[in-house]
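Before any comments, here is the structure.
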Amino acid sequence: MKKINYLFPALSIIILLSALNIFSQFINPAINNPVIPDVMGYVNILESNGKYSNNSVINVDSFPHFSGFPKTLSGTTFEGGILCNMDGDNDLEIVFNIGYTVQVWNYDGTSVSGWPQTVASYALEGAPAYGDIDGDGQEEIVVTNHGLTSGGFIYAFRKNGTPVPGFPINHGYSSRTPVLANMDNAGGLEIIVNKRLSGSGEVWIYRGNAATFPGWPKTLNHVPASSAAVGDITGDALPEVVMESYSGLFAWGSDGNPLAGFPYLMPNSDVNSYSSPVLADVDGDNIREIIFGTHVLGGGGYVYILKNNGTVLSGWPNPTTQWIYGPPAVGYIDGDNIIDIAVGDQVLSGSPSDQLYAWNKNGTYLAGFPVPMLWAINNQISIADIDNDNSMELICDDNTQTGGRGKYLAFNHDGSPVAGWDVNTSGATFFTTPMLGDVNRDGLLDIAGAGCVTSPATANIYLWNTGTTFNANKIIIPMWQYNSRHNGVYGDNPLVGISPVSNTIPKNFELKQNYPNPFNPVTKIKFSIAGVKGTSGNVFTKLTVYDIGGKTITQLIKSELVPGEYETDFNASGLASGIYFYELNAGGMKLTNKMVLVK
């Protein structure tokens, strides 16, 4: 089949983007499908004359809404929102960037005190990030915006909506979602962003006081294509920064020194756009690999898995029929205890021409995949057990509207559609990853998502109650790039289930032995939080898991808790057998216990 490529001038695309508001959706009026150009302004369209197809480069909801939702606001949003604790109680709040505003809602649809906040000059970019950037024990909200071709700022707000001292930073053109990570294992989290220049780019790291992190920025050989992935991929207990340019993949240590074997230049005439990297230990050697997706201007794409020396893992890359825009989704999908990778592809077409792909770590398709004849999938696939059948499901966005209604799609681990699933939105779910969690802490799974309308630019934010039991250990990707810091690290999931087990206020802090112990792969941890003398109210609490070398594996809890007795689960499905430690840090007390994982 002969393929014809048309390269639309980047300037024309820029002018059109300006008219539709930054990162609005292109619409093919014949099929009413939104589409986004890649970072160099090219659009992938599948055209047909009835005989040949050519790639050209240019219902009622099944779940009830929470009262107060949907919320309808002027502006657009993409990549998704976050679920986080913004007001100190045990409920979660819903945070979205919409147009020029950062919106924060309670689960009843009311705005959290101090919100929304409005930014100046330019519309917001990507999703908000949430984490403690100044080391004060309280998380902040970090967002970015940028102009049409240059200019932009990095904003940081405290939970009450007041700006963090030193912010906003006059950074310049930063595209996509900011990432938060602790780059030196000291103090608060750092802010990792890209900077787009004319034909090139940079990667910057800022501290929570707006100062530049030592050893940074670093230069890219082309314009940046996506958000960074930040996590330890060398085993040195410090995170590395992995960033795509349009034409390659870069990796640096926290000190800014490049890793040997990088930059990696793709060998298949493919390029990067919005598919941010993901970090996960795919081959079981206790060192994370880099997973990312690409696209070929003539049509098609590839999913790569790289070692930390820039070599490609055996069995990869694997091709896709169309372009990849979403970050890969990594997790255990089909129950065979072999880690899997899922991704969707996208092309603008008058008929469903896209697929949902899923492979195991060896590059072998899972049974039932790829799922064919879908409309474009532009964002990251969510992996979770959403129906309590003890098997994982895959949720994806969809770039179409029928009668003004968009939808999220859901598929079982074998590629079959989830029965009874019909989750619709006003406007397309295009490029918006849903969020999964127990927002009101009633023990039931809730899903938040968005549908966007192009003209006039409107975002409709939804919060659904699925009515099924919430189990945090069965939600692998609860929001875009695994967590509210968006670091792209598989297993770094903040929505761990935590349940009060008694109304009695303990007299002492206590950390009980996990059970079962040894365990495989899930164990329960009980602990007690006592009131702090001379104070009233909640106690700031951290529950952290370390390996035998003292490296942080995950932070199970980091929030203010009412004094009481609690229980939470720890899922070690992505870890190797061995000795681990869990530490409770609360009210000036620090308690540690040992646990043993046996697989």
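The values are calculated or read from the model by the stated rules, or taken from the named source; none is laboratory data. Note that the structure is a prediction, hence the values are computed from the model and not measured. Cβ: placed from backbone, ideal geometry, glycine included. Neighbour counts: every protein chain shown. Just so you know, the surface numbers come from the protein's heavy atoms only, side chains and all, with ligands and any DNA or RNA stripped out. Shrake-Rupley method; radii C 1.70, N 1.55, O 1.52, S 1.80 Å.
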Q: Kindly provide the set of residues from region 261-275 that are open to solvent by less than 40 Å² (accessible area, probe 1.4 Å), touching a strand residue (DSSP E or B) at 6+ places or on another chain (Cβ under 6 Å) and within 18 Å of VAL203 (Cα to Cα), ordered by number.
A: PHE262, TYR264, ASN272, SER275
(Q) Can you say whether ASN308 is open to solvent by 10 Å² or more (accessible area, probe 1.4 Å), over 29 Å from TRP252 (Cβ atoms) and at pLDDT 95 or above, as far as the supplied structure shows? (A) no
Q) (1) under 23 Å from the mean Cα position of the chain (by Cα); (2) closer than 23 Å to ILE291 by Cα: which one isn't true of ARG441, the others all being true? A) (2)
Q: Could you tell me which residue of region 433-475 is surrounded by the most Cβ atoms within 10 Å (Cβ to Cβ), considering only residues that are among the hydroxyl-bearing types (Ser, Thr, Tyr) and more than 15 Å from ARG405 (Cα to Cα)?
A: THR433
(Q) Among (1) buried (at least 18 other Cβ atoms within 10 Å of the Cβ); (2) on the phi < 0 side of the Ramachandran plot; (3) part of a loop (DSSP other than H, G, I, E, B), there is one condition GLY80 misses while meeting the rest; what is its number? (A) (2)
Q) Condition test on VAL142, is it out of contact with any Asp or Glu (no Cβ under 6 Å at 6 or more places or on another chain) and among the aliphatic types (A, V, I, L, M)? A) yes
Q.
If ASN362 satisfies all but one of (1) at pLDDT 95 or above; (2) assigned to a strand (DSSP E or B), what's the number of the condition it fails?
A. (2)
Q. Conditions: (1) buried (at least 23 other Cβ atoms within 10 Å of the Cβ); (2) in a loop (DSSP other than H, G, I, E, B). PHE69 meets all but one. Number of the miss?
A. (1)
(Q) Just to be sure before I move on: is THR402 over 22 Å from LEU73 (Cβ atoms), touching a Leu at 6+ places or on another chain (Cβ under 7 Å) and surrounded by fewer than 21 Cβ atoms within 10 Å (Cβ to Cβ) in the structure I sent? (A) no
Q) If you check GLY420, GLY427, which single one turns out to be farther than 23 Å from GLU567 by Cβ, of a type outside the set (D, E, K, R) and outside any strand (DSSP E or B)? A) GLY420
Q) Wholly within region 460-560, which strands (runs of 3 or more DSSP E) include no fewer than the required count, namely at least 1 residues that are of a type in the set (D, E, K, R), modelled with pLDDT of 80 or more and in contact with a strand residue (DSSP E or B) (Cβ under 6 Å, 6 or more places away or on another chain)? A) 522-529, 539-547
(Q) Restricting to region 107-133, and then to whatever is buried (at least 20 other Cβ atoms within 10 Å of the Cβ) and of a type outside the set (A, V, I, L, M, F, W, C), can you tell me which residue is farthest from GLY166 (Cα to Cα)? (A) TYR107
Q: Answer yes or no: is there a residue in region 423-437 that is out of contact with any helix residue (DSSP H, G or I) (no Cβ under 8 Å at 6 or more places or on another chain) and over 27 Å from PRO128 (Cα atoms).
A: no
Q: Looking only at region 283-299, count how many residues are open to solvent by less than 40 Å² (accessible area, probe 1.4 Å) and in contact with a strand residue (DSSP E or B) (Cβ under 6 Å, 6 or more places away or on another chain).
A: 9
Q: Of the conditions (1) among the small types (Gly, Ala, Ser); (2) crowded, with 22+ Cβ neighbours inside 10 Å; (3) farther than 18 Å from TYR130 by Cα, SER175 clears all except one; give me its number.
A: (3)
